[in-house]
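Before any comments, here is the structure.
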Amino acid sequence: MNSIVFGLLAVLSLYAFFKLAKVKASSKQLNRNNRINRFGDKNSDNIIEGESEEVVEDNDDK
Amino acid sequence: MSKHAAINRFGRSANPAFTKNFTSSFDSIPISERMTLDGAVNKTGILLGLCFAGAFVGWNIPVLAIPSAIIGLILALVTIFRSPSKAGSTAPLYALVQGIFLGGITLMFESQFDGIAIQAIGLTFGILASLLVCYKSGLILPTENFRLMLGAAIGGIMILYLINFVMSFFGSTLSFLTSNSLMSIGFSFAIIAVASFTLVLDFDFIEEGAEKGMPKYMEWYGAFSLMVTLIWLYLEILRLLAKIRSR
C-alpha cells in the first residue's frame, strides 16, 4: 500500500512537472525589478548610444 | 560641469566592449538556435530517462556504483567549470553514470529498509512538482539575496561533507551528519530545505535563459543543473528516511 501511494505520487508529480514546466511563469514572477540578472539586460541602452538624458542636478554646476 | 563631459570632450569610445552590439550580442543568434522552455524541459526528460536506465544497471551490478560516482563527479566539474557549451554531450553521460551510482546506493538502502526507494523517489518528485508550482505562481520570488544565502548555505554544507569525508579515513565521523539522533534528523531536514530551494534557482535560471534568448546549448546546461540538484535532493531524502527508520 505504501509503495502504491509513493509510486502514484512520483508519477503524478512527474506528469505535473512536464505539463507545468513548459508554461511561462506568472507576471508576478517575471515583472518585478528585484529579479536575479544572470545574463545581463539585453534591452538596456547605455550612455554611449546617446539615449540617456541629462540629470536635472547638472544644471547646478553651470 | 556635465556628467557627460568626458564624452562631450573626447567623443564616443570605439572600444567594442562598450558598444551596444556587444552588450546585446545574443540578439544575433537566430530564433531557431535560442534556448526555449520546451527545449529545456524535454532535455530534462531525456536526462531523467537516462538516469533511470543507469539506475537499472546499477541496481543489477552494484559494484559499478563507486566508479560511477567518481566519473559523475568529474563530468559535473568539467561541465560546470570547463565547458558549459559542451553540456549537450557531458550532461547525458553525467545522468547515465549518476544513475548507475544511484541504482547501487539505492539497492544498499533497500536491502536494509524495505520500500525506502519508492518513498524517496515519490518525495523527490513531489518536492520538485510542488516547488515548480510555487515558482510559476510567484509564491516564491528568488532574488539576488536569496541566491547569496543559498550559495552560503550550500558552501557550508559542502565544507561539512568534506570534513566528514576526511575524518572517515581516521575512523571517525561528524555524528550530527551520520547518526540517527534527533539533531542529525533535524540537520537532514535543513539540508533537504536548502536542496529544495536550489530547485527554485534552477527553474529561474531556465526561465531567464529562455526569456533572454540564450544559445541552444543552455537548454542542456539548465537541464543538467536541475539534474544535479535532483540527485542531491534524492540522496538526502534517502539518508533522512534511513535515519528515521533506524530509530
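Things worth noting here:
- B:Ala91 vs. criteria within 14 Å of chain A (Cβ to nearest Cβ), open to solvent by less than 30 Å² (accessible area, probe 1.4 Å) and touching a residue at least 60 places away in the same chain (Cβ under 8 Å): no
- Residue pairs whose Cβ atoms lie under 7 Å apart, separated by 6 or more positions or on different chains, with the first residue in the stretch B:63-85 and touching a residue at least 24 places away in the same chain (Cβ under 8 Å) and the second among the small types (Gly, Ala, Ser) and in a helix (DSSP H, G or I), are B:Leu64/B:Gly58; B:Leu64/B:Gly104; B:Ala65/B:Gly58; B:Ala65/B:Gly104; B:Ser68/B:Gly58; B:Thr79/B:Ala87; B:Thr79/B:Ala91.
- Among residues of the stretch B:198-227, those that are over 12 Å from the mean Cα position of the chain (by Cα) and of a type in the set (Phe, Trp, Tyr), counted: 2
- Considering only residues in the stretch B:111-153 that are closer than 22 Å to B:Asn60 by Cβ and β-branched (Val, Ile, Thr), the one that is surrounded by the fewest Cβ atoms within 10 Å (Cβ to Cβ) turns out to be B:Ile118.
- Among (1) at pLDDT below 95; (2) assigned to a helix (DSSP H, G or I), the one test that B:Gly213 misses: (2)
- When the stretch A:3-20 is filtered for residues that are within 7 Å of chain B (Cβ to nearest Cβ) and open to solvent by 70 Å² or more (accessible area, probe 1.4 Å), nothing remains.
- Given (1) crowded, with 16+ Cβ neighbours inside 10 Å; (2) more than 19 Å from the chain's Cα centre (by Cα); (3) modelled with pLDDT of 95 or more, number of the condition B:Leu50 does not satisfy: (2)
- If you go through the stretch B:188-200 and pick out every residue that is crowded, with 19+ Cβ neighbours inside 10 Å and either within 11 Å of chain A (Cβ to nearest Cβ) or without any contact (Cβ under 8 Å) to a residue 40 or more places away in the chain (or both), you end up with 2.
- Screening the candidates B:Ser2, B:Ser25 for the property of being farther than 30 Å from A:Phe18 by Cα, modelled with pLDDT of 50 or more and of a type in the set (S, T, N, Q) yields one hit, B:Ser25.
- Check on B:Leu107, more than 14 Å from chain A (Cβ to nearest Cβ) and free of Cβ contacts under 8 Å to residues at least 40 places away in the same chain: no
- Residue in the stretch B:110-145 that is nearest to B:Arg247 (Cα to Cα), counting only those that are within 9 Å of chain A (Cβ to nearest Cβ) and of a type in the set (Phe, Trp, Tyr): B:Phe125
- The one condition in (1) exposed (fewer than 14 other Cβ atoms within 10 Å of the Cβ); (2) away from chain A (no Cβ under 11 Å); (3) modelled with pLDDT under 95 that B:Ile70 fails to fulfil: (3)
The values are calculated or read from the model by the stated rules, or taken from the named source; none is laboratory data. Since we're looking at a predicted model, the values are computed, not measured. Glycine gets a Cβ as well: all are built from the backbone with ideal geometry, and neighbour counts include every protein chain shown. Ligands, DNA and RNA are stripped out before the accessible areas are found, and what is left, the full protein with its side chains, is counted by its heavy atoms. Shrake-Rupley method; radii C 1.70, N 1.55, O 1.52, S 1.80 Å.
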